[in-house]
Amino acid sequence: MRKRTRKRNNKRVKKMNFSFITDMKHAKIVFSIVLLLVIIGFFSVIFAVINIPNTTIIQGVYINDIDVSNMSKEDIKNSFNEILDEKKYNGVNITHNDQEYVLELGLLEITNNLNQILDEASKLGRSGNIIKDNFEIIKTFLFKKNYNLELQYNKENLENELNWIYNELPDKYKELDYYIEDSNLILSKPVSGIIVAKEELTSEIERYLNDYSKKEIVIELPYETKNAEEIKIADIHNDIYVEPQNAYYTDEPFKIYPEVEGVDFGVSNEEIENILNTENENNEYIIPLKITTPETTLANLSIDAFPDVLSKAEGMYDVTNYNRANNLTIAGEKLDEIVIAPGETFSYNKTLGARTIEAGYKEAAIYVGGKVVDGLGGGICQISTILYNAVLEANLEIVERKCHQFLPSYAKPGLDATVAYGSIDFQFKNNRTYPIKINTNIVAGVAEIEILGIKEDTDVEVILENKVLETIPYETEYITNTSLEEGTSRVIQGGTDGKVVEAYKITLKAGKEVSRELISFDKYDVLNEIVEENKN
């Protein structure tokens, strides 16, 4: 009996010893876990305390795959905006057949969500919860966090810029084009050529704008080839034919309807076929028209259809420069008394016609190939510039306008309008309820243009402003001319600074600003001064 009892006691002792050891192990594990948590908590607090005063973006944050870790919001803004500004200044260089065309980016009104991204990124690791913040900081450090900028721009302005480049291409596809000038239909035959693949080109431009590692780019113009279409005389006739209609007005509501001249072919279809089959280097054909003037016009309507001056602009010119003054006078005479119906688009080139000797134009200074040379019709860009300012102040819709290559002396930067017959036009649309009329007065060194019409309740006051973003000083080039008297020199070409300019149209109602619209972003090239000298 004792022997069995002793054995049971031994087992009990062994069991108790094993339980004690197990408890000790558990205690050590618990202690280790607690100690680890204490250590983690201690270092977390230290880590948090260190990061509390840190206002920069935490480690591991990227924007468009560019590392912005440990940078301040202001530095990031400056860095990205500097790159974007440089892109705007450089533009996009588009090449085609050894020719290069620059797409101006400033006019696209480019914006992005950088501020929103920075606000979000600056909150990473700064919620106020130590554990959550430390976890966020460590996770971002280890696995990175990339934000993508969302690009926004004026798609209509891009379309206009791409159209301008397309119009400059010598091998572009030319559609059938025709317009009425005086009593003739001026027709240009369609020509086979290339059409710009706009979607592909736009995608390339967008990729460049989103790639902040690139500050400039050259894109080979993507295009497709198109064959010329067949000319259908019947379709042209249907398009141009107009029945004459007298001008008239209604009392309730008061509304003026201008006269409509009747238009028809002045020759038979067979004669037109013969005209179009004649070889023509310029690809331009003249088809006589029959114009029928209605009995009642705005001019002899029994009311004053243009009682109010909607806007007025003027500029000075040198009366001693006979040829230039002559050209300005011709341009003014062609514009004078022109009536533009509501919804109608005015074309400067179509109104003035080709600048030819037969039309009375003379040789005067123009810009060609980066230099000042004499050309037929030189000076008429001053009239288009004055008209542009009058149209802006009348708050009419600009359809087409281009700045000069060099800033002309007679215009404020960003407020000029150049023209070149057959390539660059100035166009605007009468977006008012009533017809408008252009009045010109070119005399005694002053060129004045008025826009006349009927004032409406919706009219606003317009102020034009420009902002010069950059000025590039011109340099002086010296050329030796031994025919000059020894030790003398003479300036044969004045210099003009290059400029980068934004122009704004500000509208006021009752003296208070209603809107401020960016109307152009222009770059003017440097025109160097050229001096002839004889030092011998």
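Tabulated data for the structure shown
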{"quantity": "Qualifying residue in the range 238-254 (condition: surrounded by 14 or more Cβ atoms within 10 Å (Cβ to Cβ), at negative phi and among the charged types (D, E, K, R))", "calculated": "no"}
{"quantity": "Test: residue 180 is touching a residue at least 60 places away in the same chain (Cβ under 8 Å) and under 30 Å from residue 82 (Cβ atoms)", "calculated": "no"}
{"quantity": "Residues of the range 92-124 classified as more than 17 Å from residue 162 (Cα to Cα), touching a strand residue (DSSP E or B) at 6+ places or on another chain (Cβ under 6 Å) and not β-branched (Val, Ile, Thr), total", "calculated": "1"}
{"quantity": "Only listed residue being acidic (Asp, Glu) and under 30 Å from residue 401 (Cβ atoms), chosen from 109, 120", "calculated": "109"}
{"quantity": "Residue ID - surrounded by the fewest Cβ atoms within 10 Å (Cβ to Cβ), chosen from residues in the range 408-422 that are more than 18 Å from the chain's Cα centre (by Cα) and under 27 Å from residue 166 (Cα atoms)", "calculated": "422"}
{"quantity": "Subset of the range 358-379 that is out of contact with any Lys or Arg (no Cβ under 7 Å at 6 or more places or on another chain), part of a loop (DSSP other than H, G, I, E, B) and farther than 21 Å from residue 183 by Cβ - its residue that is modelled with the lowest pLDDT", "calculated": "369"}
{"quantity": "The one condition in (1) under 32 Å from the mean Cα position of the chain (by Cα); (2) over 30 Å from residue 91 (Cβ atoms) that residue 216 fails to fulfil", "calculated": "(2)"}
{"quantity": "Residue in the range 514-525 that is touching a Phe, Trp or Tyr at 6+ places or on another chain (Cβ under 7 Å), surrounded by 13 or more Cβ atoms within 10 Å (Cβ to Cβ) and under 20 Å from residue 409 (Cα atoms) present", "calculated": "yes"}
{"quantity": "All positions within the range 416-462 that are closer than 30 Å to residue 285 by Cα and of a type in the set (S, T, N, Q)", "calculated": "418, 423, 427, 430"}
{"quantity": "Test result for residue 468, under 27 Å from the mean Cα position of the chain (by Cα), of a type in the set (Val, Ile, Thr) and assigned to a strand (DSSP E or B)", "calculated": "yes"}
{"quantity": "Exclusive hit being closer than 24 Å to residue 352 by Cα and of a type outside the set (Phe, Trp, Tyr), set 185, 158, 149", "calculated": "185"}
{"quantity": "Options 288, 294, 307, 342; residue that is closer than 25 Å to residue 421 by Cα and in contact (Cβ under 8 Å) with a residue 40 or more places away in the chain", "calculated": "288"}
{"quantity": "Every residue from the range 314-340 that is small (Gly, Ala, Ser) and within 26 Å of residue 188 (Cα to Cα)", "calculated": "331"}
{"quantity": "Strands (runs of 3 or more DSSP E) wholly inside the range 184-294 containing at least 1 residues that are touching a Leu at 6+ places or on another chain (Cβ under 9 Å) and closer than 30 Å to residue 151 by Cβ", "calculated": "193-196, 218-220, 223-226"}
{"quantity": "Those residues of the range 499-513 which are surrounded by fewer than 17 Cβ atoms within 10 Å (Cβ to Cβ) and in a strand (DSSP E or B), in sequence order", "calculated": "504, 506, 507, 508, 509, 512, 513"}
{"quantity": "Residue selected from the range 94-109 under the condition closer than 18 Å to residue 211 by Cβ and under 15 Å from the mean Cα position of the chain (by Cα), by the criterion surrounded by the fewest Cβ atoms within 10 Å (Cβ to Cβ)", "calculated": "103"}
{"quantity": "Residue ID - surrounded by the fewest Cβ atoms within 10 Å (Cβ to Cβ), chosen from residues in the range 390-407 that are within 18 Å of the chain's Cα centre (by Cα) and either outside any loop (DSSP other than H, G, I, E, B) or among the hydroxyl-bearing types (Ser, Thr, Tyr) (or both)", "calculated": "397"}
{"quantity": "Every residue from the range 169-194 that is surrounded by fewer than 14 Cβ atoms within 10 Å (Cβ to Cβ) and in contact with a helix residue (DSSP H, G or I) (Cβ under 9 Å, 6 or more places away or on another chain)", "calculated": "179"}
{"quantity": "Check on residue 166, surrounded by 13 or more Cβ atoms within 10 Å (Cβ to Cβ) and at pLDDT 90 or above", "calculated": "no"}
{"quantity": "The range 202-236, residues that are surrounded by 15 or more Cβ atoms within 10 Å (Cβ to Cβ), closer than 30 Å to residue 276 by Cβ and touching a strand residue (DSSP E or B) at 6+ places or on another chain (Cβ under 7 Å)", "calculated": "223, 226, 236"}
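The values are calculated or read from the model by the stated rules, or taken from the named source; none is laboratory data. What you see is a predicted model, and the numbers here were worked out from it, not measured in a lab. Cβ coordinates were reconstructed from backbone atoms using ideal geometry, including for glycine residues, and neighbour counts include every protein chain displayed.
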